[in-house]
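Here, each number is a calculation from the coordinates, and none is a lab measurement. Model, not experiment: these values are computed from the prediction. Cβ coordinates were reconstructed from backbone atoms using ideal geometry, including for glycine residues, and neighbour counts include every protein chain displayed.
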Amino acid sequence: MIKRDVIIIGAGAAGLFCAAQAGARGRSVEVLDHAKKVGRKILMSGGGRCNFTNMYASPENFLSNNPHFCKSALSRYTQWDFIGLVAEHGIAYHEKTLGQLFCDDSAKDIVDLLLNECSKAGVTITTRCEILTVEKDESGYLLSTSNGDYSCESLVIATGGLSMPKLGATPFGYKVAEQFGLNVLPTRAALVPFTLHDKDKETLAELSGIATDVYATCNGTTFKEAMLFTHRGLSGPAMLQVSSYWEAGDTLSINMLPNNDAHELINNAREAAPDALLATCLSKVFPKRLVQSFIEYNGWRNVPVKQLSHGECDAIANTLENWQIKPNGTEGYRTAEVTIGGVDTNELSSKTMMAKNVDGLFFIGEVVDVTGWLGGFNFQWAWSSGWAAGQVV
């Protein structure tokens, strides 16, 4: 029997950061993970450069059944705290856009930071370790694993959600929560591309690779970012963001001209170049391939703009400013960056991340029902929730 003060299951961002915090307090800590190597999701994030936090991170950037839950952890370990740690480790970084911070070199720099902090704090990390059973007794927890038996006072579940199963995602964390009587909210893929119905895909698939800035709105929430047409449907930051607010059957509202007034654009063209074709007019603000497909897709007449009736002009402008499209679905967990839902925050202390009714059992990171926007927010939740638990385990 291997005895530890703290065992953390999951060697991702939240688990490793929590381990370093607990070890620094003098606790004996071991991190167990079934994967061959640690931090796999970190390594592939941000195109391999890891969008490790966001300068503007605040509770408003997170979705949860209880939107207040994340406030305590986020306020006690902020983005500036983690940025300070990155600087302390001499990692060069840059802001890409909208406060998103990336490593200049490689996401491996963040994994190395975590491993160095764990090493400094005397943390043991064991990979290729499958957890077979988890039980509780008077003194704490007993784990049966493929690496032998363990006992600990505090058990931290940092196993993430269901997104990206190829990287080893499993429902393990949810099963542990349910085993100990905690409520787990329904889960779904988030920060994920949309797929389209066949009739839409036939025309729009031709636009694969074209990106354009849009306002994307769903269920009252709007994002202004790029939308990317793909062979399967719609992707890009705007679509990934709004996917977190979309549910099956919902329609997306997309303003294709976030920086222009479509009515003004067409009216000006009628005055300045009445003999120009509609396609010529629209090609001033959109890629030509997009214009051609959109004219065909919407059944617009590609005639000199002076020949378009006022009703036709209004209809074209209204579509450009408020394109309504109902996705068929999403690409699911296979390509989703995160999972919405998970361990019900009402079951946990917002200060410590410990289960209110199960002493010594903690849940941190993505396994909890707290989901950030695209842009480094989910990493910040990993650091903040890991830090909060690390102070008390």
Helix 13-24 axis, angle to the chain major axis (alpha carbon atoms, nearest 10°): 30
Find out how many positive minus negative residues lie around Ile8, taking Lys and Arg as positive, Asp and Glu as negative, among other residues whose Cβ is under 13 Å from that of Ile8. -2
Along the charge dipole of segment 165-235, which of Ala169, Ala226, Ile210 sits closest to the positive end, that is, farthest toward it, with unit charges on the beta carbon of Lys, Arg, Asp and Glu (+1, +1, -1, -1)? Ala169
Please report, in debye to the nearest 20, how large the charge dipole of the chain is about its Cα centre when each Lys and Arg carries +1 at its beta carbon and each Asp and Glu carries -1 there. 540
In a GNM of the chain with a 10 Å cut-off on Cα contacts, which of Leu185, Leu101, Leu265 has the highest mean-square fluctuation? Leu265
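When N is the residue count of segment 184-310, what does its C-alpha Rg come to as a fraction of 2.2 N^0.38 Å?
With N residues counted in segment 184-310, Rg over 2.2 N^0.38 Å equals 1.19.
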I want the local charge near Leu282. Using Cβ-Cβ distances under 12 Å, sum +1 for each Lys or Arg and -1 for each Asp or Glu among the other residues. +3
Scan around Ser163 for amide H atoms under 5 Å from its own, H built in the peptide plane at 1.01 Å from N, and keep only partners 5 or more places away or cross-chain. Thr339
Which ³J(HN,Hα) values, rounded to whole Hz and listed in residue order, are derived for segment 268-277 from phi using the Karplus coefficients 6.51, -1.76 and 1.60 in 6.51 cos²θ - 1.76 cosθ + 1.60 with θ = phi - 60°, glycine and proline given as x? 5, 5, 5, 7, 7, 9, x, 8, 6, 5
Just going by the charge dipole of the chain, with Lys and Arg at +1 and Asp and Glu at -1 on Cβ, which of Ser293, Thr127, Val338 is farthest out on the positive end? Thr127
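Pull out the extension gain between Lys356 and Ser139, defined as 0.36 nm times the separation in residues minus the alpha carbon to alpha carbon distance; nm, one decimal.
76.4 nm
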Put +1 on the Cβ of each Lys and Arg and -1 on the Cβ of each Asp and Glu in the chain; which of Phe377, Gln79, Tyr141 then has its Cα farthest toward the positive end of the dipole? Tyr141
Computed over segment 15-151: relative contact order in percent, which uses C-alpha pairs under 8 Å that are six or more apart: 36
Degrees separating the helix 310-321 axis from the principal Cα axis of the chain, which is the longest one: 20
Contact order normalised by length for segment 48-120, with contacts defined as Cα pairs under 8 Å and 6 or more residues apart; what percent is it? 44
Treat every Asp and Glu Cβ in segment 272-393 as -1 and every Lys and Arg Cβ as +1, leave all other atoms uncharged, and give the resulting dipole magnitude about the Cα centre to the nearest 20 debye. 440
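Over the chain, what is the relative contact order in whole percent, taking alpha-carbon pairs under 8 Å and six or more residues apart?
Taking the mean separation of contacting Cα pairs over the length of the chain, I get 25 percent.
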By how many nm would the segment from Gln391 to Glu264 grow when fully extended, if each residue of separation counts as 0.36 nm and the alpha-carbon distance is taken off? 39.9 nm
Quick one: dipole size for segment 272-322, taken about the Cα centre, charges +1 on Lys/Arg Cβ and -1 on Asp/Glu Cβ, in debye to the nearest 20. 220
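Would you kindly state how much longer the chain becomes between Leu98 and Thr124 on full extension, computed as 0.36 nm times their sequence separation minus their alpha carbon distance, in nm to one decimal?
Separation in residues times 0.36 nm, less the Cα-Cα distance, equals 5.7 nm.
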Positive minus negative residues near Tyr77 (Lys, Arg vs Asp, Glu; Cβ under 13 Å): +2
